[in-house]
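Visitor: Before we start, here is the structure in question, set down as structure tokens.
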Amino acid sequence: MKRRDFLKYTGEFGFMIALSGAGITLSSSGYYVRPPGAIVEERFFKKCVKCGICVQVCPTRSLDFVGLTTDLKNIGTPTLNIEKGGCIAWRQPCLKCTEACPTDALSKPPDIKKIRMGSALIREKECINCLMCFLECPVDGSILFPNPQGKPFLKTKEIPSSLSHRKSSYKPYIDNFKCIGCGLCAAICPVRCIDITPEKEVRMAV
């Protein structure tokens, strides 16, 4: 094969790989839900060598590559893909992505409880009150349910069926100060009505 043809075909292959990942990005502002231990976004894309090791070692397969976007500098860097799963690091010991990172784009945090990937948001109009998010969330008090009589409910067993039926006007919601953005609730949601906002955007909104 001639060199010109080789470059043509490899270029087309690279474009198709990027295209296959289009739409994975969860952020419209250029920020992404990064693996736990990721350094600040402004430095992350400079340190990340796009080796893909973190994506390969993720036990839940919830990490994926930023696909084809207008943000060319971040194509190929890791981001959470809730279509595949969520991060279990807050539920059980697992920081394989940070341990495998060959650069300091990801660094193992001394205390996972102090790390956030982002925050969840439930689209109430689409929610069917299955309450699967409650069962899946690894952080107590991160998901709440309105209580017209007082403090919000923290556990599914506390919620009366009169409030939690499918057509109820009451829906679960997220405490953005406690949510760590692991994506487990979004991954298990049967109607896919939960989005994960990157930590950078959460800080800007507060």
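Visitor: Cβ-Cβ distance below 9 Å, separation of 6 or more or different chains: which pairs start in region 139-159 with a residue that is at positive phi and exposed (fewer than 15 other Cβ atoms within 10 Å of the Cβ) and end on one that is of a type in the set (D, E, K, R) and part of a loop (DSSP other than H, G, I, E, B)?
Guide: Gly141/Asp175; Gly141/Lys178
Visitor: Residue check: is Ala120 aliphatic (A, V, I, L, M) and in contact with a Ser or Thr (Cβ under 8 Å, 6 or more places away or on another chain)? Reasoning before the result, please.
Guide: On the way: aliphatic (A, V, I, L, M): yes; in contact with a Ser or Thr (Cβ under 8 Å, 6 or more places away or on another chain): yes.
Criteria met by Ala120.
Visitor: Further question: Right, Cys97: modelled with pLDDT of 95 or more, surrounded by 14 or more Cβ atoms within 10 Å (Cβ to Cβ) and over 21 Å from Asn176 (Cβ atoms) or not?
Guide: Working: modelled with pLDDT of 95 or more: yes; surrounded by 14 or more Cβ atoms within 10 Å (Cβ to Cβ): yes; over 21 Å from Asn176 (Cβ atoms): yes.
Yes.
Visitor: Which condition number in (1) part of a strand (DSSP E or B); (2) of a type outside the set (S, T, N, Q); (3) under 14 Å from Cys182 (Cα atoms) is the one that Leu144 fails?
Guide: The one condition Leu144 does not meet is (3).
Visitor: Hey, any hits in region 31-46 for a residue that's of a type in the set (Gly, Ala, Ser) and modelled with pLDDT of 60 or more? Even if it seems obvious, please write down each step before you answer.
Guide: Narrowing region 31-46 to residues of a type in the set (Gly, Ala, Ser): 37-38.
Next, from what is left, pick out any that are modelled with pLDDT of 60 or more: 37-38.
Yes, region 31-46 contains at least one residue that is of a type in the set (Gly, Ala, Ser) and modelled with pLDDT of 60 or more.
Visitor: Taking region 117-131 as the region of interest, how many residues are more than 17 Å from the chain's Cα centre (by Cα) and either in the same structural domain as Cys97 (by TED's automatic domain parsing) or not charged (D, E, K, R) (or both)?
Guide: Of the residues in region 117-131, the ones more than 17 Å from the chain's Cα centre (by Cα) are 124-131.
If we keep only those that are either in the same structural domain as Cys97 (by TED's automatic domain parsing) or not charged (D, E, K, R) (or both) as well, we get 127-131.
Adding up the residues that qualify gives 5.
Visitor: Then there's this: Can you pull out every residue in region 102-138 that is without any contact (Cβ under 8 Å) to a residue 60 or more places away in the chain, surrounded by 14 or more Cβ atoms within 10 Å (Cβ to Cβ) and either among the basic types (Lys, Arg) or touching a Pro at 6+ places or on another chain (Cβ under 9 Å) (or both)?
Guide: Across region 102-138, the qualifying residues are Asn129, Leu131, Met132, Phe134.
Visitor: Taking Thr77 as meeting all but one of (1) under 14 Å from Pro138 (Cα atoms); (2) buried (at least 20 other Cβ atoms within 10 Å of the Cβ), write down the number of the exception.
Guide: (1)
Visitor: OK, next. Among the residues of region 163-202, what is the count of those that are touching a helix residue (DSSP H, G or I) at 6+ places or on another chain (Cβ under 6 Å), touching a residue at least 60 places away in the same chain (Cβ under 8 Å) and charged (D, E, K, R)?
Guide: Qualifying residue count, region 163-202: 1.
The values are calculated or read from the model by the stated rules, or taken from the named source; none is laboratory data. This structure is a prediction, so every number in the text was calculated from the model and none was measured. All Cβ positions, glycine included, derive from the backbone under ideal geometry; neighbour counts span all protein chains shown.
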